[in-house]
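I have placed the structure first, in the form of structure tokens, so that the comments after it can refer back to it.
The values are calculated or read from the model by the stated rules, or taken from the named source; none is laboratory data. The model shown is predicted, which means the values in this text are computed figures rather than measured ones. When we count neighbours, we look across all protein chains shown, and the Cβ atoms used for this are built from the backbone with ideal geometry, even at glycine. These accessible areas exclude ligands, DNA and RNA; they are computed on the full protein's heavy atoms, side chains included. Shrake-Rupley method; radii C 1.70, N 1.55, O 1.52, S 1.80 Å.
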Amino acid sequence: MLHEALPELHTLRRQGLLRHIGLGVNDVQVCLDVLRGMRADAGIDCLLLAGRYSLIDHSGLAALLPLCQSLGVRIALGGVFNSGILATGVRAGAELRFNYGPAAQHWVARVAAVEAICDTYGVPLRAAALQFPLAHPAVEVVMLGARQASEWQDAVAMLRHPIPAGYWQALRDAGLLPDQAPIP
């Protein structure tokens, strides 16, 4: 159905009724299927991808992000805190959530390992979670669900927080970041 709608959306764009065509999902395979099935006259400009390219979930890295880059499809990343676990960390005593539900133990362990490296380098977990995905050239925007002005202000501060290059290398050395993932 989506492949049938894309040519119609493209017609609306040619008529000046649309400027951009996009798709928003949290499934890498859906994005790949759409992008691989596109005709040249029915392309999309951007994807909103939730939670699949973050500091701990790299499932969009190997196939999707390079394909987007080659096609000129820009990425807006939602869920960069992976439903909260990268905003709170695992030591805060908050409910640990990942991918819209309770966090599985392997995600908790992964975040704990990232947090330990954050502690070593004096890097707030939220700063790393916001800055990491923006290093990929296909990523245009990171989005978060700020519920109040203080959360927005914190996010702005975390985007500006200096992170030493050694921090990113320590994540790589610990096997927490793939070698092909661009780093800030």
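Just give me the residues in the range 7-44 being more than 19 Å from Val141 (Cα to Cα), in contact (Cβ under 8 Å) with a residue 24 or more places away in the chain and part of a loop (DSSP other than H, G, I, E, B), in sequence order. Give the steps one after another, and end with the answer.
To start, the set of residues in the range 7-44 that are more than 19 Å from Val141 (Cα to Cα) comprises 7-18, 29-30, 32-43.
If we keep only those that are in contact (Cβ under 8 Å) with a residue 24 or more places away in the chain too, we end up with 7, 9-10, 32, 34-39, 41-43.
Correct list: Gly37, Met38, Arg39, Gly43.
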- Would you be able to say whether some residue in the range 76-84 is within 15 Å of Pro137 (Cα to Cα), of a type in the set (Ser, Thr, Tyr) and not in a loop (DSSP other than H, G, I, E, B)? no
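Looking for something among the small types (Gly, Ala, Ser) and assigned to a helix (DSSP H, G or I) - is there at least one such residue anywhere in the range 45-63?
To start, the set of residues in the range 45-63 that are among the small types (Gly, Ala, Ser) comprises 50-51, 54, 59-60, 62-63.
Subset that is assigned to a helix (DSSP H, G or I): none.
Checked against the condition, which is being among the small types (Gly, Ala, Ser) and assigned to a helix (DSSP H, G or I), the range 45-63 yields no hits at all.
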- Query: Limited to the range 31-51, what total is found for residues that are open to solvent by 60 Å² or more (accessible area, probe 1.4 Å) and at pLDDT 80 or above?
  - Reply: 3
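From Ala138, Ala87, which residue is in contact (Cβ under 8 Å) with a residue 24 or more places away in the chain and out of contact with any strand residue (DSSP E or B) (no Cβ under 8 Å at 6 or more places or on another chain)?
On the way: Ala138 fails: out of contact with any strand residue (DSSP E or B) (no Cβ under 8 Å at 6 or more places or on another chain).
The unique qualifying residue is Ala87.
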- Task: Could you run through the range 109-124 and say how many residues are in a loop (DSSP other than H, G, I, E, B), farther than 12 Å from Thr88 by Cα and without any contact (Cβ under 8 Å) to a residue 40 or more places away in the chain?
- Result: 1
- Item | Output for the range 75-108, where each listed residue is more than 20 Å from Asp119 (Cβ to Cβ) and among the aromatic types (Phe, Trp, Tyr) | Phe98, Tyr100
- Unique match (being in contact with a His (Cβ under 7 Å, 6 or more places away or on another chain) and crowded, with 19+ Cβ neighbours inside 10 Å) among Ala181, Ala129: Ala181
- Per the filter on the range 70-95, residues surrounded by fewer than 16 Cβ atoms within 10 Å (Cβ to Cβ) and small (Gly, Ala, Ser) are Ser70, Gly72, Ala92, Gly93, Ala94
- Given (1) touching a residue at least 12 places away in the same chain (Cβ under 8 Å); (2) more than 30 Å from Ile44 (Cβ to Cβ), where does His106 come up short, assuming only one miss? (1)
